[in-house]
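A short worksheet on the structure shown next.
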Amino acid sequence: MKRIYIVIVLTAIFAGIFAGCEDQEDTWDDYAGNGRIRYTGKCTDVSLELGWESVVVSWKNTLDPNRENILIEWVGGEQTGDSLLTKDMESCTIKNLGNVTYTFRVYAMDKEGRRSLGAEAYGRPFSMAHEALNGFTPVVTKCFPLGGDKLVLYFDRWQNTLAEASLRYYKKSNPNELITLELTDTDSILKQRYYVVEDIDVNKDVVVERKGQLQELPGVDIVFTPLPLDVHQRIFNSDFVREIQTHYFIEELDENFINTVEVLEFDYDLSTLEDLLYFPNLKKVILGKNRYLYEAYKDAVKQSVLADTAASRFALEVLHELQGVEVERYNKHYFPNPLSVLKEQGHSKVPTTLNYLTATGITVSPSDQTGYNAHPKFLLDNNQATIWNPQQINTFRQHELLIDLGKVESVSGFKVVQDATNPISSPWDTKHNFRPSLLKVLVSKDLASWEGATFDEDNEIGNTAGEITLLRMKQPKEIRYVKITVSDQAYYANFGVILADFVAFSE
């Protein structure tokens, strides 16, 4: 009986199974309308190669026999477009694009026009409005009109991406004759770094034309938009301006100063002297006169230097040869080697006409900061052999000293004298590391009202061994009190400062 029951049960089960096995396609029809949805294989690994007003779109196709075409669509700003390609293509160049960021979508399509899922990439092609062009060499970095019919050009550093460059201008002697000066021919003018264009009308258009390639876009020659030169625009170096302001007590280099000044003096480190070419009536340039080096050490100590000696030399030679400007040089400042344009003046000496205020009634306070025997009174004795030398410590300080002249005096300026420890016989003496290069000087008649003694409250001073600096005021002032602020100099973990003299003088 058990065997009969088992057979009956199994028969019933199989009958139920086969009765319930409806075709799966019928099931899809019930729930998906016309059957299962089948997507064409999606394109992958979409990438962009940005070109000049164009983009190369690349992708990878998947293995799908139903793929009939490739569709690319793009949109950027208000511009849209599409392209239908054959099924096996895996790249496409899209041209005539603008200066916007585009979205590119790639689809595979079957023969009924159904799309795969899209694959996207984003990019902005290069164009004349692209900021990458701003970094391309302007060719001419500065220009200086000279003598009414000349233009001095300073060129940018040579770049291998520059293929061609020329200068277009009108002749002074024939105002209707347009000249094109090739700058990149066989005897490349550009590689000279500087050039004087003669017989040029600087009041008419002067234009630089350029052709080259961007580093980001090799192999594509770009004809850049002509670049007009504003030949009357002055672009001064900031350190050059600062040196003139502090020396001549002027707030700005206005037209009157630029067009009338005949003598300019420079004493401290500069980037370049090329801006001298902006001064049309310049007669003389004096270099290093106001740095009074210790005579015994003058060949052993660091002198004033230029960051760009070649550019400065060219400017001085042009001014001397074409404008007759004299160039006087003291010691070995600015140029390590002699130049034919320089009139050597030898060693610069402190004027003997100064009247130093060294009366016994002059005092300085505080007498000794931190209780250390620093001898601030030695600043007043006009004796280079005695020095003010606060104790060296391991933290930074600013020292403020108040000098009382004892009574109101007419003062023209101050003589600042550095310690004269011998740099030749004692090069390792640590005193060499603590000579200051900046002093803040304020003056007052009554301790109630203070003003800067010179153009700037902070004054640059020469800091070689034994060097003397004269801090002159614009005009003599009636003062009694002088406030000096000087900062510690750092040497490894030590902080300290050393100074021989700070003496008021009249002239």
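Worth pointing out:
- Inverse mean reciprocal Cα-Cα distance (Kirkwood Rh) of the range 238-346, Å: 14.3 Å
- When Rg and the Kirkwood radius Rh are both evaluated on Cα atoms of the range 355-506, their ratio Rg/Rh stands at 0.96.
- Between helix 238-248 and the chain there is an angle of about 20 degrees, using the helix long axis and the longest principal axis of the Cα atoms.
- In plain terms, the C-alpha convex hull of the chain casts an average shadow of 50.3 nm² when viewed from every direction.
- Cα centroids of the range 283-341 and the range 403-425: 27 Å apart.
- Taking every DSSP beta bridge that has both ends in the chain, the antiparallel portion is near 85%.
- Out of every Cα-Cα pair that the range 44-123 contains, those further apart than 18 angstrom amount to 35 percent.
- Size of the range 113-190 from its Cα atoms: along the principal axes, largest to smallest, the extents are 74, 29, 24 Å.
- Members of LYS349/LYS415; LYS377/LYS440; LYS142/LYS204; LYS431/LYS477; LYS298/LYS343; LYS42/LYS87 lying beyond 24 Å, as alpha-carbon distances in this model show: LYS431/LYS477
- Summed side-chain charge close to GLU90 - residues other than GLU90 whose Cβ falls under 10 Å, Lys, Arg +1, Asp, Glu -1: -1
- Between 0 and 90°, nearest 10: helix 309-323 axis offset from the chain longest Cα axis: 60 degrees
- Solvent-free Debye scattering, log10 I(q)/I(0), computed from the Cα coordinates of the range 330-431 at q = 0.10, 0.25 Å⁻¹: -0.47, -1.41
Every number in this text was worked out from the coordinates using simple rules, so none of it is lab data. Quick caveat: nothing in here was measured; it's all calculated off a predicted structure. Here the Cβ is made from the backbone with ideal geometry for all residues, glycine too, and neighbour counts use every protein chain on show.
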